[in-house]
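Here is the structure we will look at, set down as structure tokens.
Every number in this text was worked out from the coordinates using simple rules, so none of it is lab data. Predicted, not measured: the structure shown is a model, and the values here were computed from it. Cβ sites come from the backbone with ideal geometry, for glycine too, and all protein chains shown count toward neighbours.
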Amino acid sequence: MVEEELVTSTEEELPMSTEKELVVSKKIRDLKKGIAVFDNKFINAFYRMTLTQKRLLNMAVAAVNAKQILPKGKRVVVSIDDFAQLSGLSTQSAVYRCREAAADLISVRVVDIEYVDPNVMLRVNAKSAGHKEVKRISHLNFFQEVEVLDTESSKVITFMFSDWVIPYIAKLDGNFTKVHLEHVNPLTSFYSMRLYESVVLQMPDAAGVHCRLMKLSELRDIFGLTDEKYKRWVDFKKRCIVSSVDELHEKTPFDWRFETIGKGRYLQGVLFSATPCKQKEFIFDGELKLPGIHCDE
């Protein structure tokens, strides 16, 4: 069994028939050590899943040693108790959420589209790629197998990644992003999680500030939005951008800001910044005001 640098998880009784095939984490009491490491191309991918599914994906990836090879066919085990603690749920609620998420997680699909431009890849909806020159389209799933075990002695969820995913989460040697589970699991929005990953992947400047300028089309890809979802800018900004920045500012150790570049038909994109901070100042005047956040129409 691989034991170094694996996800936080308590020791559980494992199925005897598969014990030799499992990648199980060490017993780590400090859940702050849980870090999911993704290749940046995976971070920039176009996909959509529920909040619980995204939390489980992050924990499953955190169970993999990003510096070592993950053999094909290996199963990754995550403790449901750890999932409950990181997500602020009771154990009973966590078991229910895991069962519900696992039922559909196996069918969450990515469409891997190879364009003439090698920097563009991994989309869910092939139809939205029609305006670009496409060389190849492959329909893929994140996982080959997802199993939830709920007994008196063991409450775990077991994952087997699809083979194509492994190069994006294991044996990484450059251009990767570390996602701290303690930062993202308390978030209550898939959009917030995706925005966090997408901005933090940028190398910080000398002051430790992460900045990223994204076109609206890039943002829609990050949020996994179809062409018909939130077509109006005012709806997109309110439902996806402002709500995500508000939550990230409140729940992560960064001062989050955004600024629109251009206006109306000449809107070019949105500039985001995340500045590390030890303490935050919140001013209440009927509602929470977040200092420095620009919400220009």
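Database remark: amide H of N141 closer than 5 angstrom to the amide H of V110 (H placed geometrically; neighbours at sequence offset of 5 or more, or on other chains; Pro and chain starts carry no H). With 18 Å as the limit on Cα-Cα distance, the pairs of K74/K178; K41/K263; K41/K171; K41/K237; K54/K238 that go past it are K74/K178; K41/K263; K41/K237; K54/K238. Under 5 Å between amide hydrogens, built in the peptide plane, is the criterion, and for R75 it picks out L22, V23 among residues at least 5 positions away or on other chains. Applied to the range 197-212, the Karplus parametrisation 6.51 cos²θ - 1.76 cosθ + 1.60 on θ = phi - 60° returns per-residue 3J(HN,Hα) values of 4, 5, 8, 5, 5, 6, 4, x, 7, 4, 8, x, 8, 9, 10, 8 Hz, with x for Gly and Pro. A Förster radius of 25 Å combined with the Cβ-Cβ distance from T50 to M203 puts the calculated FRET efficiency at roughly 0.25. When peptides 211-219, 189-197, 35-43 are sorted by average Cβ neighbour count within 10 Å, with the highest value leading, the order is 189-197, 35-43, 211-219. Other residues whose C-beta falls under 11 angstrom from the C-beta of S189 contribute a net charge of +2, scoring Lys and Arg +1 and Asp and Glu -1.
Normalised by the number of residues in the range 178-234, the mean separation of alpha-carbon contacts (under 8 Å, six or more apart) gives a relative contact order of 27 percent. Take E250, project a point 7 Å from its Cα along the Cβ direction, then tell me which residues of the range 49-91 have their backbone nitrogen under 20 Å from it. 51-52, 55, 86-90, by backbone N distance to the label point. Need one number: nm distance between label points at E152 and C211, each 7 Å from Cα along Cα→Cβ, rounded to one decimal. About 6.0 nm separates the two model spin labels.
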